[in-house]
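Novice: Once you've had a glance at the structure underneath, I'll fire off some questions.
The values are calculated or read from the model by the stated rules, or taken from the named source; none is laboratory data. Keep in mind the model is a prediction, meaning the values are calculated, not measured. All Cβ positions, glycine included, derive from the backbone under ideal geometry; neighbour counts span all protein chains shown.
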Amino acid sequence: MIPFLSLKDVTALHGAEINEAVTRVVNGGWYLQGEENKRFEENYANFIGAKHCIGCANGLDALIWIFRAYIELGVMQPGDEVIVPANTYIATILSITENGLKPLLVEPKLNTLEIDDDQIEAAITPKTKAICIVHLYGRNAYTEKIGALCKKYGLKLIEDNAQAHGCKAPVLSSDGSNIQEFKVTGSIGDAAGHSFYPGKNLGALGDGGAVTTSDDALAEAVRTLANYGSQKKYVFKYTGRNSRLDEIQAAVLDVKLKYLAEDNAHRKQVANYYYDHISNPLITLPDRLPDEQNAYHLFPVLVGNGKRDALHDYLEQNGVGTVIHYPIAPHKQECYKEWNGMSLPITEYIAEHELSLPISPTILGKEIYMIVNILNNFV
Ligand SMILES: *Cc1c(COP(=O)(O)O)cnc(C)c1O
């Protein structure tokens, strides 16, 4: 059996150091808001290239706190609109609607699976306050066109970086010359939400998340909101919530952060093997990005001729686990009944044709070789 993802193996890869870190916290007797959080936040902020990192309970909360903080700071108000790709994990959309903001769903491009920057401008109205891009599957979603639209219309740029720890994007250098430099995703926009769900590239042993930003006021509001709305013990500025990253998770994440580049390099080798060797005409791979622009969180393919589910079953019968990301688009979900009638054909096409192949820091060369052989023999 080749499972879609073996978390047990992923943890074992750095198991000794992880166990040491957990034991240190257990025996230290300090479990929340301590030195482990402080150290991880500092290291993660440096890694991303942002001034601030605020740990919180999970990736959904991270995104919720960004929008809520903008509301508390008077930058946005309920009823305002946020542009967002229609083909994202539900959490991105929930973070917008949770705050009484309105998502404007924009189609992705079929060859990149990322938001179609040619369709954004037509969606902008006087009520639009932000563009939330999602580096879905680990692929860079930022383009200069998106940056230019944010400037032109005075929009905040928010990144959902839940799937793209370690991805980079080419951006114009800050002196405005046309020389490109690379920025780590999560440092391109005004703020970014990160998830440390166990299966993510940088995964905890439970839930975890973080907001990164270089905006001092936003960072302070996010930190306050995630701590009951309190800056001073028993004094409450906002009606916040309890949304903290615990010390054990922070300690584990700090260990895994050291190995993220190495782990991602393994993912890249796997992805490059898939790109070079999958030759079944029923299977379409998304455009191949330069290596640094893809953290290869997932390896999505599109399966033609209505054979996606048949391929999933065929692989399973041959001992290979695959997962669909995601079988039902957000606008077709029961929780968003009001959008069920919308037509978003590219998004719907992806939901009907996408299948994610195994990719991880621990999958073996011989396993990838087997998977490709099985795939190429499928008719
Ligand atoms: C995982 C994920 C989230 C949410 O993260 P949690 O930690 O599970 O709350 C948000 N957006 C995207 C795109 C994700 O993949």
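Novice: Within the range 343-360, is even one residue of a type outside the set (V, I, T), part of a loop (DSSP other than H, G, I, E, B) and closer than 24 Å to A261 by Cβ? Lay out the reasoning, then the answer.
Specialist: Going residue by residue through the range 343-360, those that are of a type outside the set (V, I, T) are 343-345, 348-349, 351-358, 360.
Add one more test, that the residue is part of a loop (DSSP other than H, G, I, E, B), and what stays is 343-344, 358, 360.
Pick out the ones that are also closer than 24 Å to A261 by Cβ and you get 358, 360.
Yes - at least one qualifying residue is present in the range 343-360.
Novice: Right, something else. Would it be correct to say that F4 is in a loop (DSSP other than H, G, I, E, B), under 30 Å from I363 (Cα atoms) and either in contact with a Ser or Thr (Cβ under 8 Å, 6 or more places away or on another chain) or within 16 Å of the ligand (Cβ to nearest atom) (or both)? Can you show your working first?
Specialist: Details: in a loop (DSSP other than H, G, I, E, B): yes; under 30 Å from I363 (Cα atoms): yes; either in contact with a Ser or Thr (Cβ under 8 Å, 6 or more places away or on another chain) or within 16 Å of the ligand (Cβ to nearest atom) (or both): yes.
So F4 fits the description; yes.
Novice: Another question, if that's okay. Residues in the range 63-73: is at least one within 14 Å of the ligand (Cβ to nearest atom), part of a loop (DSSP other than H, G, I, E, B) and either buried (at least 17 other Cβ atoms within 10 Å of the Cβ) or within 20 Å of the chain's Cα centre (by Cα) (or both)?
Specialist: No, the conditions are met nowhere in the range 63-73.
Novice: Sort out which residues of the range 90-115 are more than 15 Å from the ligand (Cβ to nearest atom) and within 16 Å of L289 (Cα to Cα), and write them in order of number.
Specialist: K109, L110, N111, T112
Novice: Working only within the range 51-62, note down all residues that are away from the ligand (no atom under 12 Å from the Cβ) and either more than 23 Å from N37 (Cα to Cα) or of a type in the set (A, V, I, L, M) (or both).
Specialist: I54
Novice: Scan the range 74-89 residue by residue and report those that are away from the ligand (no atom under 16 Å from the Cβ) and of a type in the set (A, V, I, L, M, F, W, C).
Specialist: Initially, the range 74-89 is screened for residues away from the ligand (no atom under 16 Å from the Cβ), giving 74-81.
Scanning the range 74-89 gives V75, M76.
Novice: Please work out if I131 is closer than 22 Å to I66 by Cα, of a type in the set (A, V, I, L, M), touching a strand residue (DSSP E or B) at 6+ places or on another chain (Cβ under 9 Å) and modelled with pLDDT of 95 or more. Working first, answer last.
Specialist: Numbers: closer than 22 Å to I66 by Cα: yes; of a type in the set (A, V, I, L, M): yes; touching a strand residue (DSSP E or B) at 6+ places or on another chain (Cβ under 9 Å): yes; modelled with pLDDT of 95 or more: yes.
Yes, satisfied.
Novice: Still on this model: Just checking, how many residues over the range 110-134 are assigned to a strand (DSSP E or B) and either among the hydroxyl-bearing types (S, T, Y) or loosely packed, with under 14 Cβ neighbours inside 10 Å (or both)?
Specialist: Keep residues of the range 110-134 that are assigned to a strand (DSSP E or B), which gives 115, 128-134.
Still in the running and either among the hydroxyl-bearing types (S, T, Y) or loosely packed, with under 14 Cβ neighbours inside 10 Å (or both): 128.
So the answer is 1.
Novice: Just need a number here: residues in the range 184-208 that are more than 19 Å from A130 (Cβ to Cβ) and not polar (S, T, N, Q).
Specialist: Here the count works out to 13.
Novice: Also, I was wondering about something else. I'd like the residue in the range 119-175 that is touching a residue at least 40 places away in the same chain (Cβ under 8 Å) and β-branched (V, I, T) and, out of all such residues, is nearest to L357 (Cα to Cα).
Specialist: Among those residues, the one meeting the criterion is V134.
Novice: Could you tell me whether the range 229-237 includes any residue that is touching a helix residue (DSSP H, G or I) at 6+ places or on another chain (Cβ under 6 Å), assigned to a strand (DSSP E or B) and over 22 Å from E17 (Cβ atoms)?
Specialist: Yes.
Novice: Okay, next question. Would you check if there is a residue in the range 219-239 being at pLDDT 95 or above, surrounded by fewer than 16 Cβ atoms within 10 Å (Cβ to Cβ), of a type in the set (F, W, Y) and farther than 25 Å from E35 by Cβ?
Specialist: Looking for residues that are at pLDDT 95 or above, surrounded by fewer than 16 Cβ atoms within 10 Å (Cβ to Cβ), of a type in the set (F, W, Y) and farther than 25 Å from E35 by Cβ, one finds at least one in the range 219-239, hence yes.
Novice: How many residues does the range 341-379 hold that are within 24 Å of T112 (Cβ to Cβ) and without any contact (Cβ under 8 Å) to a residue 40 or more places away in the chain?
Specialist: Within the range 341-379, residues that are within 24 Å of T112 (Cβ to Cβ) and without any contact (Cβ under 8 Å) to a residue 40 or more places away in the chain number 2.
Novice: Next question, about the same structure. Would you tally the residues in the range 26-64 being among the β-branched types (V, I, T), closer than 23 Å to G199 by Cα and in contact with a helix residue (DSSP H, G or I) (Cβ under 8 Å, 6 or more places away or on another chain)?
Specialist: Here is the first cut: in the range 26-64, the residues among the β-branched types (V, I, T) are 26, 48, 54, 64.
Imposing the further condition that a residue be closer than 23 Å to G199 by Cα reduces the set to 48, 54, 64.
Then drop every residue that is not in contact with a helix residue (DSSP H, G or I) (Cβ under 8 Å, 6 or more places away or on another chain), which leaves 54, 64.
Number of matching residues: 2.
Yes/no matrix, rows are residues, columns are (1) of a type in the set (A, V, I, L, M); (2) crowded, with 19+ Cβ neighbours inside 10 Å; (3) touching a Lys or Arg at 6+ places or on another chain (Cβ under 6 Å):
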| site | (1), (2), (3) |
| --- | --- |
| V171 | yes, no, yes |
| E181 | no, no, no |
| V184 | yes, yes, yes |
| G203 | no, yes, no |
| G208 | no, yes, no |
| A217 | yes, no, no |
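Novice: Collect the residues in the range 137-168 that are within 16 Å of the ligand (Cβ to nearest atom), touching a Ser or Thr at 6+ places or on another chain (Cβ under 8 Å) and in a strand (DSSP E or B), keeping them in residue-number order.
Specialist: R139, E159, D160
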